[in-house]
Amino acid sequence: MYLSFQNRLVRVFRSLGFAFGLILTIFFYSSTAKAQDTTKVVIPDGTMGELLDPIDSLEKKKFPKNLNIFTGRFSSFRAGVGFLYEYAGFSQDATAKQQMDSAGVVAENQFKVRDFRIFASGQLNTKRIISWKIGLMYDGPNREWLMRESGITIGVPEISGHIFIGRTKEGYSLNKVMNGYAGWTQERQMALDVIPILADGIKWIGFWPEKRIVWNVGIFDNLLSKNQSFSTYNWQTAARVGWLPIFLPEEKKQLHLGVSYRYGKVESGEIRVKSRPESNPAPFFIDTDNFKSDHSNHFGTEIYFTNGPLMLGSEYHWHKFNSPERGNPLFHGGDIAISYIFTGASRPYSTVSGVYSFVPVEKSIFQGGWGELEGLLRVSSLDLNGGQLKGGEFWRITPMVNWYMTNYLRLEVAYGYGVLDRYQLKGATQFFQVRVQFAIL
């Protein structure tokens with residue numbers, strides 16, 4: 001046990017040392033070189049989920065909200081950090097407590113570090129747009145450092161998009177693809193827990209302006225991520241297409257319709273599907289335990305409408321696993337959300353990868369303003385009863401308030417009420433959640 005821990009520790013420090021060394025080297029060349037006059041900073045898909053506006057001249061300070069961007073002799077450089085700290089409290093009725101006993105878990109009130117990450121990204125000074133990124137994250141639930149989204153993005157206007165090579169989001173679901181720090185709720189809906197958060201491979205990201213169509217297609221292999229907690233498939237492929245029948249960016253109005261498909265070859269012929277109740281400190285409420293499966297197919301739909309400060313959105317997903325011994329189970333779930341930013345801001349939509357980005361703060365609390373205040377309501381569910389498997393079904397309703405104090409500081413307060421149907425019992429849980437988010441991304 002000691003040797004295993006020691007080996008893990010060595011690997012962690014090796015990864016950290018390599019990443020920091022590369023970051024410092026790039027920073028040295030960036031900070032000592034003269035700024036370029038015309039620079040486009042491309043942030044690869046997933047890190048920011050957007051293409052930043054061209055910078056006419058960094059020396060003229062036309063980009064005051066992104067002072068962590070520098071240009072250099074060989075590459076531009078952007079450093080970032082993110083930190084999430086939260087409290088979660090639970091109040092359960094007698095039936096819910098009985099269900100927790102049956103599952104062998106406890107819903108315990110606690111303060112917890114949800115996430116801590118550092119990253120660097122930039123664009124090479126080449127004729128063709130080539131950008132890079134490196135990301136490291138401390139995973140609170142598993143208490144380990146992980147290499148997050150890292151790789152290179154190559155601009156390929158000949159095929160109307162970009163090619164990404166490295167570790168990134170597969171490209172399934174708008175809410176799954178977008179940056180987790182930019183999400184309107186504390187956690188993504190439960191139905192997306194079935195899809196691994198990251199994968200290693202190659203992805204084509206594109207946008208057809210004339211038809212207002214966005215897409216991504218990728219294929220991934222677990223050769224480099226075999227021992228990572230998110231790696232539950234030998235290989236997988238994912239595709240997503242979105243259409244914007246309404247796209248009026250000047251009026252801050254758009255309608256996004258999308259579909260996603262994913263096929264995965266299950267690692268070692270066995271998999272386990274489980275989900276927390278949209279609270280990271282909570283235990284897994286629904287869980288199939290391990291079952292044999294050769295492969296799985298996933299299909300999802302998405303619709304989002306934005307009109308100024310108002311956003312309406314919904315996604316629904318179906319997950320079909322090939323498992324003749326267990327009756328080829330089909331799991332499904334989705335959500336409906338409504339959000340309104342009372343201070344008037346609008347959540348930006350990016351056509352680079354067809355996702356929403358961070359809420360811009362017009363006047364922060366440090367500038368004498370109130371920041372931006374958002375209220376929202378979400379209803380979500382996931383059913384893991386399928387075939388001969390009885391993993392349980394859970395639904396939850398969540399009213400929530402987000403206070404964006406500055407572009408990098410956010411306070412989230414949420415209440416949740418959910419019902420678990422498992423072990424032939426129906427138990428109710430109330431959730432009391434507070435999260436502080438600090439992010440310079």
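Numbers at a glance
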| quantity | calculated |
| --- | --- |
| Those aspartates and glutamates that a straight Cα-Cα span of less than 13 Å connects to LYS265, excepting residues fewer than 8 apart in one chain | ASP221, ASP294 |
| Amide H within-cut-off set for SER293, under 5 Å, with H built and near neighbours excluded | GLU270, ILE271 |
| Interchain or long-range residues, amide H under 5 Å from ASN125's placed H | SER75, SER76 |
| Amide H within-cut-off set for ILE286, under 5 Å, with H built and near neighbours excluded | SER275 |
| J(HN,Hα) series, segment 321-326, from Karplus relation 6.51 cos²θ - 1.76 cosθ + 1.60, nearest Hz, glycine and proline x | 10, 7, 8, x, 5, 10 |
| Packing-based exposure ordering (other Cβ within 10 Å, fewest first) of GLU144, GLU412 | GLU144, GLU412 |
| Segment 80-440, relative contact order [Cα under 8 Å, separation at least 6], % | 16 percent |
| Length-normalised contact order of segment 207-267 in % [C-alpha pairs under 8 Å, at least 6 apart] | 33 percent |
| Cut-off 11 Å between beta-carbons: net charge of the residues surrounding VAL419, Lys and Arg +1, Asp and Glu -1 | 0 |
| Estimated vicinal HN-Hα couplings, Hz - segment 151-168 in sequence order (Karplus 6.51, -1.76, 1.60; Gly, Pro = x) | x, 10, 10, 10, x, 10, x, 4, 10, 6, x, 9, 10, 10, 10, x, 9, 7 |
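Only the coordinates and a few stated rules stand behind these numbers; no lab work does. Since the structure is predicted, the reported quantities are computational estimates derived from the model, not experimental observations. Here the Cβ is made from the backbone with ideal geometry for all residues, glycine too, and neighbour counts use every protein chain on show.
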